[in-house]
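Chemist: Dropping a structure here in structure tokens format, bear with me for questions.
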Amino acid sequence: QVQLVESGGGLVQPGGSLKLSCAASGSIFRTNAMAWYRQAPGKQRELVAAITRGGNTNYADSVKGRFTISRDNVKNTVYLQMNSLKPEDTAVYYCNVDVWQYGRGSYEAYWGQGTQVTVSS
């Protein structure tokens, strides 16, 4: 089995920063794409940022220039550095990781449990 454990959420004032982490553990042979999504109350879950195993990234237009996604392939961990936070960034943030488990024949997508980010004065 594979578990994704997120950390780093919390309450921050507008203009502040937070760094989210998502560590994958378990029977992991290899990870592929990693991503962060978010879901605000009453809205659909949306892609915030994604990173390939080789380090290529893409971002939602709303976070470009403010958020940075990165990863550590040895630790099977993905990060999201969030700067210049705005109230509209308030949401539950979820990580998503493609994992190839030992004994399996392909990648499968796993989700973290979600971490709350609240931007408010």
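Chemist: Which of the lysines could be linked to Lys75 by a straight reach, that is with a Cα gap under 28 Å, when you skip same-chain ones fewer than 8 residues away?
Modeler: Lys19, Lys64
Chemist: Continuing with this model, one more query. Looking at the chain, what % of its DSSP beta bridges pair antiparallel, to the nearest 5?
Modeler: Approximately 95 percent, going by the DSSP bridge assignments.
Chemist: Taking region 25-121, which chymotrypsin sites (Phe, Trp or Tyr not before Pro) meet the DSSP loop condition and have no more than 14 other C-beta atoms within 10 Å?
Modeler: Sparse-neighbourhood loop chymotrypsin sites (Phe, Trp or Tyr not before Pro): Tyr102.
Chemist: Could I ask something else about it? How large is ³J(HN,Hα), in whole Hz, for each residue of region 34-49 in order, when computed from phi with the Karplus curve 6.51 cos²θ - 1.76 cosθ + 1.60 and θ = phi - 60°, using x for Gly and Pro?
Modeler: With coefficients 6.51, -1.76 and 1.60, one gets 10, 8, 10, 10, 9, 9, 8, x, x, 10, 6, 5, 10, 6, 9, 7 Hz.
Chemist: OK, next. Taking the simple approach of a point 7 Å from Cα along Cα-to-Cβ for both Asp61 and Gln113, what is their distance in nm?
Modeler: Placing both labels 7 Å beyond Cα along the Cβ direction yields 3.6 nm.
Chemist: Ok, one more. Give me the percent of accessible area attributable to carbon and sulfur for region 9-68, probe 1.4 angstrom.
Modeler: Carbon and sulfur atoms account for 47 percent of the accessible area of region 9-68.
The values are calculated or read from the model by the stated rules, or taken from the named source; none is laboratory data. Predicted model, so just to flag it, every value in this text is computed and none were measured. As a convention, Cβ positions derive from the backbone with ideal geometry for all residues, glycine included, and neighbour counts pool all protein chains shown. For the accessible areas, the whole protein counts, side chains as well, though only heavy atoms, and no ligand, DNA or RNA atoms are used. Shrake-Rupley method; radii C 1.70, N 1.55, O 1.52, S 1.80 Å.
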